[in-house]
Amino acid sequence: MRLAVIARVFGILLTVFSLTLLPPIGVSLWYDDGTHIAFSIAFGITLLTGLFMWLPVHDLKQDLRTRDGFVVTSLFWLVLGSFGALPLIISPQPDLSVVDSIFESISGLTTTGATTITGLDTLPPAILYYRQQLQWFGGIGVIVIALAILPMLGIGGMQLYKAEMPGPVKDTKLTPRIAETARALIVIYVILTILCGIGYWWAGMSVFDAVGHAFSTVANGGFSTHDASMGFYAQNHAIMAIAVIFMLTAGINFGLHFFAFSNRSLSHYWKDSEFRFFVWTMISASAVIVGYLWLSGTFSLNGSLLHGIFQVVSIGTTAGFASESFALWPAFLPYVLLMIGIMGGCAASTCGGIKTVRVMLILKSGLRELNRLVHPNAVVPIKVNGKIVPPRVTDAVWGFFAVYILSFFVFTIVVMATGENFVTSFSTVAACLSNIGPALGDAAAHYGSVNEVAKCFLILAMLMGRLEIFTLLVLLTPAFWRH
């Protein structure tokens, strides 16, 4: 591991990140909310720190190795989240502790959407905008965004790409060069954001709310400018429909969107096994939730359709918007929603969770074992999109699933040990590790009542979920540090 190379990358990325603090300053001055001082101080600290790290090694011309890439990817999210918390720490509103500020910042960057803040409707506009912007940058992955810049500075980025991108798609690229891949992802991401914002504005949102909610919708983050979240607009069915459409769109593999833009065709979507599995899961879960809400008398048929479909898509894509407090829904429904959120959306999307392709491969593996019980000598390959999946991939999926479940139970026990009850511990860990956001128990409305020690572990869970667990855990293995 070469510290000089890592310091140079950190310096560049922190310097670039400092520029993201300029738009909130403009918003603050426009609305005259007084928070521009806090953002200016945070900008100065972040910029100077980045320059301090970069200048001593700016002439260094060495590429990142795989080991360096894992270190940068893992630690930078924590560093970025800490520097991103500076405006929240410095600003007198919303008056958060250091832990709560870091929790809020990392929740935004990891697109988890868990919040410790109440009284959103009365917060300064610049703070509200900044929260939404954090999620927008986190949605595509700050590391992937940086890939478009690093090659121009003499720093290769494939190691970061492999450490950041999810699941079995790690060994594939949309275009031959990694920088072109990053730019392609950014262009698609920006186009979807613009279309979503225009849609919200057309449907009746103010320009401020339309921009903010477009940021968090396409990022599948779930932050809102209102305490009631999307429930603030529940009577506007056009806004709710637009939210559902763009949450689903952002929950689909961006590689499919890339080919759609390139080939001007939509036929390849339904040919993709993961896409079909994802769509049928959303339809099946919606049918169960809507049916139970209606038959139990929780809502009318129209209300059941509205809230049932919206919450399935919102939690299933790990966006975490709320049209209603689903924690109060009857019987098993809140837990069904959490389980759907744990699965998450497609690989190479802005969703969190285990990812649909992994769940699909696990189910296919299970069915294969059942067939082997009946036909012991049969050779039953696992196929995705008509191609046989190599054993290396299925082994990796099962390994990831085992570590995910183990991490889930360990975090749950640790959070319970800090003094939280079982429902709160179980649901907050599920929500943070899968980057869903909303939880049950004492955290049903917000995470403000969760103790600060528990929040520290939940911050780690959010980071592990965003980096798909192994990227962080590999740093703890002795083999990683051996020369």
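Per-structure values
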{"read-out": "Amide hydrogen neighbours beyond the local backbone of residue 384, cut-off 5 Å, H modeled", "value": "389"}
{"read-out": "Zone residues, region 111-128, relative to residue 29, backbone N less than 17 Å from point 7 Å out along Cα-to-Cβ", "value": "125-127"}
{"read-out": "Inter-part distance where region 301-323 and region 73-95 are each reduced to a Cα centre, Å", "value": "30 Å"}
{"read-out": "Gained length - residue 37 relative to residue 206, 0.36 nm times residue gap less alpha-carbon distance", "value": "58.2 nm"}
{"read-out": "Linear extension gain, residue 122 paired with residue 79, 0.36 nm per residue minus alpha-carbon span", "value": "12.6 nm"}
{"read-out": "Label-point gap, in nm, between residue 245 and residue 305 - each point 7 angstrom along Cα→Cβ", "value": "1.7 nm"}
{"read-out": "Theoretical gain in end-to-end length, residue 2 to residue 238 [0.36 nm per residue, Cα-Cα removed]", "value": "79.7 nm"}
{"read-out": "CD proxy at 222 nm, helix term only [per DSSP H run n ≥ 4: -39500 (n - 2.57); per residue of the chain; nearest 500]", "value": "-20500 deg cm²/dmol"}
{"read-out": "From the C-alpha gyration tensor of region 1-132, square roots of 5λ in Å", "value": "30, 17, 10"}
{"read-out": "Cα→Cβ-extended label distance, 7 Å offset, between residue 51 and residue 284, nm", "value": "5.7 nm"}
{"read-out": "Approximate spin-label separation residue 475-residue 61, in nm, with each point projected 7 Å along Cα-to-Cβ", "value": "3.1 nm"}
{"read-out": "Computed magnitude of the charge dipole of region 276-422 (debye, nearest 20; Cβ of K, R +1, Cβ of D, E -1)", "value": "700 debye"}
{"read-out": "Exposure proxy order (Cβ contacts within 10 Å, fewest to most) of 129, 335", "value": "335, 129"}
{"read-out": "Mean projected area in nm² (Cα convex hull; one quarter of hull surface) for region 375-481", "value": "10.2 nm²"}
{"read-out": "Charge dipole of the chain about the Cα centre (unit charges at C-beta), most positive-ward option of 440, 43, 361", "value": "361"}
{"read-out": "Placed amide H near residue 352: partners under 5 Å, 5+ positions off or other chain", "value": "345"}
{"read-out": "Anchor residue 364: aspartates and glutamates whose Cα lies under 17 Å away (excluding residues fewer than 8 positions away in-chain)", "value": "272, 274, 395"}
{"read-out": "Kirkwood Rh, angstrom, the chain [1 / mean 1/r, Cα pairs]", "value": "22.9 Å"}
{"read-out": "Using θ = phi - 60° and Karplus 6.51 cos²θ - 1.76 cosθ + 1.60, couplings along region 89-99 (whole Hz; Gly, Pro as x)", "value": "6, 6, 5, x, 10, x, 6, 9, 6, 4, 5"}
{"read-out": "Calculated FRET efficiency for the pair residue 190/residue 335, C-beta based, R₀ 30 Å, to 0.05", "value": "0.25"}
{"read-out": "Estimated FRET transfer efficiency when R0 is 51 angstrom, pair residue 295-residue 385 (beta carbons, to 0.05)", "value": "0.85"}
{"read-out": "The chain - percent relative contact order, Cα under 8 Å, separation 6 or more", "value": "16 percent"}
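A short reminder: the numbers here are calculations on the coordinates, not readings from a lab. These numbers were taken from a predicted model, which means no experiment stands behind them. Note that we place each Cβ from the backbone using ideal geometry, even for glycine, and neighbour counts take in every protein chain shown.
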